[in-house]
Amino acid sequence: PLQIIRVQSPEGVKRITATKRETVATFLKKVAKEFGFRNNGFSVYTNRNRTGEITASQNKSLNLLKIKHGDMLFLYPSSPAGSSSETMDTSVSQGLRAVGAPQVVEDEIDQYLIKQDGKIYRNRDQQLCRHGPLGKCVHCVPLEPFDEDYLNHLEPPVKHMSFHAYIRKLTGGADKGKFVALENISCKIKSGCEGHPPWPEGICTKCQPSAITLNRQKYRHVDNIMFENHTIADRFLDFWRKTGNQHLGYLYGRYTEHKDIPLGIRAEVAAIYEPPQIGTQNSLEILEDPKAEVVDEIAAKLGLRKVGWIFTDLVSEDTRKGTVRYSRNKDTYYLSAEECITAGNFQNQQPNICRLSPDGHFGSKFVTVVATGGPDNQVHFEGYQVSNQCMALVRDECLLPCRDAPELGYAKESSSEQYVPDVFYKDIDKFGNEITQLARPLPVEYLIIDITTTFPKDPVYTFSISQNPFPIENRDVLGETQDFHSLATYLSQNTSSVFLDIISDFHLLLFLVTNEVMPLRDSISLLLEAVRTKNEELAQTWKKSEQWATIEQLCSTVGVQISGLQEYGAMGSSTHAVSAAMWACQHCTFMNQPGTDHCEMCSLPRT
């Protein structure tokens with residue numbers, strides 16, 4: 001007959017089904033499978049004080065060892081050799097891995113902040129402290145990084161603690177967060193329930209997702225957004241200034257420590273990439289970008305990553321004064337439902353790697369920036385994220401925008417194709433009572449987290465700034481095209497003796513890698529390393545390569561006189577010979593054979 005043996009471990013108690021005649025080895029395999037351990041990764045004892053060990057080498061049945069139905073055994077993981085204090089420090093991660101959390105490599109900034117003390121140290125209060133200089137009391141003892149009273153008294157007050165401060169709060173108790181697991185919300189029916197027909201014919205409490213009550217998120221994954229300098233934003237805004245159409249771009253930068261908030265994270269923006277899109281005065285459509293993966297690869301080699309997205313919502317008010325309309329405020333909306341859904345989709349594509357989540361990821365560090373009119377009718381940059389609850393609703397396709405009210409979202413209703421859990425939010429009625437409302441419709445401010453967006457007093461330049469910069473990608477509607485004619489013009493206007501200053505332009509590097517005539521995919525790694533480390537010698541080494549000489553020759557064929565171009569290349573002597581032999585079409589940049597008057601590719605006449 002079957003019997004149930006209870007096995008207690010640091011992660012809780014599990015019940016193992018076995019027979020009386022079952023061997024110890026078979027039973028221990030069941031235990032290992034149930035707890036997620038490999039062989040020999042644990043020991044099982046009959047007593048809590050680690051005596052009476054049960055080993056697989058004992059070729060006996062459970063009945064002979066006098067283990068019967070309902071008995072409690074005690075499991076201890078095999079800890080590495082070391083002091084007891086080391087074992088205590090790693091108890092959180094060991095416990096979570098046993099539950100089933102995957103081994104993940106967190107971002108560098110997360111690994112750095114985990115090692116920081118994070119406490120808020122205060123000086124001795126001259127009026128309230130009655131002790132000596134070495135003593136501590138309630139008025140001067142260090143505060144925890146999640147202390148809400150301290151955050152509320154900062155200038156300006158901080159509504160959301162940092163994510164790492166939130167983790168410290170979860171893991172700061174007596175158990176050191178042994179049982180803490182950051183669960184991702186799921187709005188889908190759990191698969192594999194065999195007790196009834198699948199939805200819509202049947203559903204049960206085991207597979208039915210829980211109802212969601214929207215709450216203000218107490219933490220945020222990013223606490224500050226900082227553009228390295230004004231030029232990055234100004235060049236992005238130029239598109240709207242010249243066309244009046246709204247525009248969108250992806251922010252590339254890095255995550256660093258934000259020291260104004262305990263254990264805070266800052267997203268530093270070094271460049272803005274503008275993908276293919278169709279913009280009008282009141283709408284934006286993002287088109288499929290065939291170069292998206294290449295851009296991410298180049299950014300990674302430059303030490304950058306995609307940290308967010310930016311879009312404009314600007315309407316000119318007085319062209320003589322240069323003012324814009326103040327349209328996003330507490331009386332209208334800060335982000336529309338459609339923008340919240342788009343932001344949630346982007347955040348789901350860029351998850352935050354987290355060791356405390358069984359899924360290996362929790363939330364996202366991807367930010368949203370809106371360039372819009374402020375109270376003073378000047379262009380302001382406002383930063384946001386959407387909450388983890390919003391990410392779950394968007395991921396599982398439960399949230400819709402309202403057609404005639406941009407400030408309202410709408411939780412889908414269940415259909416025969418999809419079950420949608422009930423979504424609620426709390427509000428105050430006209431009598432001052434707190435009431436729970438069904439999220440049909442839903443005010444989107446329940447989904448938004450605001451983030452301070454700043455510019456530094458002392459500008460930082462990852463990439464060099466030129467008076468005559470290289471054109472930005474995908475701006476053909478402005479007549480600004482990236483081709484070898486524009487490259488030759490750029491080189492003729494920038495004659496600095498420091499080659500790194502000339503070549504250190506994010507949009508120029510993208511063009512060198514992605515152009516169709518002479519793409520430098522594999523041979524540009526050395527140059528990207530030189531730009532990343534600001535190493536002029538390395539850049540000079542790459543300048544002497546055949547690839548740069550070929551680029552020079554292609555530039556010389558478009559008819560722009562480049563002063564000092566000969567000194568840039570290693571094959572300058574052959575430049576005129578090549579230019580006399582071939583010519584580049586100014587419409588499609590195709591290299592044509594000498595003696596032809598029309599382009600072989602686009603059939604347009606030579607100009």
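Evaluate the Kirkwood expression for the hydrodynamic radius of the stretch 476-558, namely the inverse of the mean inverse distance over all pairs of different C-alpha atoms, and round to one decimal in Å.
On the way: mean 1/r = 0.0757 Å⁻¹.
For the stretch 476-558, the Kirkwood estimate is 13.2 Å.
For the stretch 372-453, the list of chymotrypsin sites (Phe, Trp or Tyr not before Pro) that fall in a loop by DSSP and count at most 14 other C-beta atoms within 10 angstrom reads Phe431. The relative contact order of the chain comes to 11 percent, based on Cα pairs under 8 Å that sit 6 or more residues apart. The gain in end-to-end length when the Asn535 to Leu438 segment is fully stretched comes to 29.0 nm, 0.36 nm per residue minus the alpha carbon separation.
Dipole orientation for the chain: of the candidates Val158, Cys137, Tyr219, Cys137 has the Cα lying most toward the positive pole (charges on Cβ; Lys, Arg +1; Asp, Glu -1).
Oblate is the label for the stretch 202-279. Its Cα gyration tensor axes, ordered a ≥ b ≥ c, give a/c of at least 1.5 and b/c at or above a/b. Between Gly308 and Leu251, Val367, the built amide H atoms are under 5 Å apart, and every one of these is 5 or more places off in sequence or on another chain.
Taking 27 Å as the straight-line reach from the Cα of Lys29, the lysines in range (excluding those fewer than 8 positions away in the same chain) are Lys14, Lys20, Lys60, Lys66, Lys68, Lys178. Rounded to the nearest 20 debye, the dipole size of the stretch 306-375 about its Cα centre is 260 debye, using +1 on the Cβ of Lys and Arg and -1 on the Cβ of Asp and Glu.
Considering only protein heavy atoms, with the full assembly of protein chains and a 1.4 angstrom probe, order Asp359, Asp238 by accessible area, largest first. Could the numbers behind the result be given before it?
Values: Asp359 85, Asp238 50 Å².
Heavy-atom accessible area, descending, gives Asp359, Asp238.
FRET efficiency for the Ser603 to Val477 pair, using the beta carbon distance and R₀ = 22 Å, is estimated at 0.40.
Considering all alpha-carbon pairs of the chain, what whole percent are spaced by more than 30 angstrom?
Numbers: 122439 of 183921 pairs.
That fraction is 67 percent.
Dipole magnitude for the chain: about 3440 debye, using +1 per Lys or Arg Cβ and -1 per Asp or Glu Cβ, origin at the Cα centre. Residues in the stretch 8-23 carry Karplus couplings, in order, of 9, 9, x, 9, x, 9, 10, 9, 10, 8, 8, 10, 5, 8, 5, 6 Hz; the curve used is 6.51 cos²θ - 1.76 cosθ + 1.60 with θ = phi - 60°, and Gly or Pro positions show x. Our coupling estimate for the stretch 329-336, obtained by passing each phi through the Karplus curve with A = 6.51, B = -1.76, C = 1.60 and θ = phi - 60°, is 8, 5, 8, 10, 6, 9, 10, 6 Hz, Gly and Pro reported as x. Positive-end ranking of Cys555, Gly432, Thr243 along the dipole of the chain, with charges on Cβ about the Cα centre, is headed by Gly432.
Starting from the stretch 491-541, pick out the GluC sites (Glu not before Pro) whose DSSP state is loop and whose Cβ has at most 14 other Cβ atoms within 10 Å. Display every interim value, and only then the final one.
Numbers: sites: Glu516, Glu529, Glu536, Glu537; in loops: Glu516.
Sparse-neighbourhood loop GluC sites (Glu not before Pro): Glu516.
Rounded to whole numbers, the Karplus 3J(HN,Hα) couplings from phi for the stretch 268-279 are 9, 9, 9, 7, 10, 9, 9, x, x, 7, 10, x Hz, using 6.51 cos²θ - 1.76 cosθ + 1.60 with θ = phi - 60°, and x at Gly and Pro.
Under 23 Å of direct C-alpha separation, and excluding same-chain neighbours fewer than eight residues apart, Lys544 reaches these lysines: Lys301, Lys534.
Among the listed pairs Lys169/Lys206; Lys291/Lys365; Lys306/Lys543; Lys33/Lys206; Lys115/Lys259; Lys206/Lys365, which have their C-alpha atoms separated by more than 21 angstrom in this model? Show your work: numbers first, answer last.
Values: Lys169/Lys206 31 Å; Lys291/Lys365 23 Å; Lys306/Lys543 28 Å; Lys33/Lys206 23 Å; Lys115/Lys259 15 Å; Lys206/Lys365 32 Å.
From the list (Lys169/Lys206; Lys291/Lys365; Lys306/Lys543; Lys33/Lys206; Lys115/Lys259; Lys206/Lys365), the Cα-Cα distance tops 21 Å for Lys169/Lys206; Lys291/Lys365; Lys306/Lys543; Lys33/Lys206; Lys206/Lys365.
Could you point to the residue in His380, Phe42, Ile4 farthest towards the positive end of the chain's charge dipole, with +1 and -1 charges on the Cβ of Lys/Arg and Asp/Glu respectively? Going by the Cα projections, it comes out as Ile4. Amide H contacts of Val420 (H built 1.01 Å from N, in plane; Pro and chain starts excluded): Ser414, Ser415 sit under 5 Å, all sequence-distant by 5 or more or on other chains.
Cross-link partners of Lys136 among lysines, defined as those whose alpha carbon lies under 20 angstrom from its own and excluding same-chain residues fewer than eight positions apart: Lys119. Rounded, prolate or oblate: which fits the stretch 2-77, taking a ≥ b ≥ c as square roots of the Cα gyration tensor eigenvalues, rounded meaning a/c under 1.5, else prolate when a/b beats b/c? Verdict is rounded for the stretch 2-77. Counted residue by residue at 0.36 nm each, then reduced by the alpha carbon distance between them, the extension gain from Glu317 to Arg521 reaches 68.9 nm. For the stretch 476-558, a crude dipole built from +1 on the beta carbon of Lys and Arg and -1 on the beta carbon of Asp and Glu, taken about the Cα centre, is about 200 debye to the nearest 20. Over the residues of the chain, the helix contribution to mean residue ellipticity at 222 nm works out to -7000 deg cm²/dmol, using -39500 (n - 2.57) for each DSSP H run of at least 4.
As a test, work out the antiparallel percent of DSSP beta bridges whose residues both lie in the chain, rounded to the nearest 5. Provide the component values of the computation, followed by the final result.
Numbers: 62 of 83 bridges.
If I count the DSSP bridges inside the chain, around 75 percent turn out antiparallel.
Taken as Cα centroids, the stretch 431-467 and the stretch 352-416 sit 10 Å apart, rounded to the nearest whole angstrom.
Proximity of backbone amide H atoms, modeled 1.01 Å from N, is registered between Ser43 and Tyr76, Ser78 at under 5 Å, excluding neighbours fewer than 5 places apart on the same chain. Computed in the context of the full set of protein chains, the accessible area of the chain at 1.4 Å probe radius has 49% of its extent on carbon or sulfur.
The values are calculated or read from the model by the stated rules, or taken from the named source; none is laboratory data. Computed from a prediction, not measured in an experiment: that's the story for all the values here. Note that we place each Cβ from the backbone using ideal geometry, even for glycine, and neighbour counts take in every protein chain shown. Please note that ligands, DNA and RNA were not included when accessible areas were found on the heavy atoms of the full protein model with its side chains. Shrake-Rupley method; radii C 1.70, N 1.55, O 1.52, S 1.80 Å.
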